[in-house]
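Taking it in order: structure first as structure tokens, then the write-up.
Please treat every number below as a calculation from the coordinates, not as lab data. All figures in this text were calculated on a predicted structure; none of them were measured in a lab. Neighbour counts run over all protein chains shown; Cβ positions are idealised from the backbone, glycine included.
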Amino acid sequence: MKNQKLNLSLILLGIVLFFGCSRDEVLNNEVKSLEKNGQLKDVNRSKTSEEYEMQTNSTEGWYFDIINSNNATAEFNALSNEEKANFWVIKYNIFEENSELSDEQMQYLNILSSFVHDAHLNQNYNEYEFNVLNKHILAVFEPNQVIDLIYYLDTPSLGVEPNACFWCNEIVDPGPCEIKERPQGGYYLARNATVKKYRFGIAMGGGSVEVPCTWQEWVAEG
């Protein structure tokens with residue numbers, strides 16, 4: 001059976017986007033505290049991208065060669081950590097070029113770009129730091145922009161067909177479809193499986209889950 005993916009986009013995008021003055025102040029203080037400790041950085045992404053292009057001759061053309069390939073996900077996964085990191089820097093440069101952004105949006109785009117760049121270099125990141133940053137991303141960007149910035153390898157709102165969700169739970173090793181008993185009475189169909197968490201395309205652990213299945217599947221697997 002093919003691996004199934006449970007997209008978390010709707011869950012995160014369902015977070016309340018209204019921030020009162022007091023909460024805004026709390027969020028700003030959280031970000032300032034992380035920046036002061038060197039955990040979140042506001043960087044010049046153009047300089048980062050230009051330096052990388054000088055070293056590897058990578059350009060926006062290189063980015064689109066991957067995006068427009070037959071299997072962009074496989075092409076991306078085959079990159080070195082440094083190439084993955086700079087792929088996202090170029091992606092965010094393209095996002096900026098095609099968007100009219102406020103100063104506040106530019107500030108958080110720079111911080112996000114630096115954060116994701118370092119996350120791919122290390123193939124790991126601090127979830128608390130991202131959660132603080134994510135509150136601001138959700139507050140200052142439109143929902144379709146958030147999808148571009150976080151959830152996809154490419155930028156679907158700019159007319160590039162999305163290749164793969166990079167903020168997903170991937171279902172692996174699903175077991176057989178089984179009839180299970182509810183604690184409160186009654187029955188339901190589900191299969192046990194292992195979930196592998198991906199954030200920005202970085203494997204971040206996982207666990208065991210139950211995946212719903214159908215009567216047709218139960219009969220076919222009989």
Task: In order through region 65-80: 3J(HN,Hα) via Karplus (6.51 cos²θ - 1.76 cosθ + 1.60), integer Hz, x for Gly, Pro - done: 4, 6, 4, 8, 6, 5, 9, 4, 5, 5, 4, 5, 4, 7, 6, 6
Task: Label-point gap, in nm, between ASP65 and GLN216 - each point 7 angstrom along Cα→Cβ - done: 4.3
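Need the full-extension length gain, ALA190 to ALA78, defined as separation in residues times 0.36 nm minus the C-alpha distance. One decimal, nm.
Between ALA190 and ALA78, full extension yields an extra 36.9 nm.
Using Cβ contacts closer than 10 Å as the measure, can you line up VAL209, VAL160 from fewest to most?
Values: VAL209 15, VAL160 18.
Lowest to highest Cβ neighbour count: VAL209, VAL160.
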Task: Cut-off under 5 Å, modelled amide H: who pairs with ALA190 long-range - done: GLU178, LYS180, CYS213
Open item on the list: If amide hydrogens are placed 1.01 Å from N in the peptide plane, which non-local residues have theirs closer than 5 Å to the one on ASP154?
Closed with: ASN163, ALA164
Task: Whole-Hz couplings from phi, Karplus 6.51/-1.76/1.60, listed for region 145-152; x for Gly and Pro - done: 6, 4, 4, 4, 6, 10, 8, 10
Open item on the list: Can you tally the lysine pairs in region 70-205 where the Cα-Cα distance is under 22 Å and the two residues are eight or more apart, or on different chains?
Closed with: 4
Open item on the list: Through the Karplus equation 6.51 cos²θ - 1.76 cosθ + 1.60, θ set to phi - 60°, convert the phi angles of region 206-222 into ³J(HN,Hα) values in whole Hz; use x for Gly and Pro.
Closed with: x, x, 9, 9, 9, 10, x, 9, 10, 4, 4, 5, 4, 5, 5, 7, x
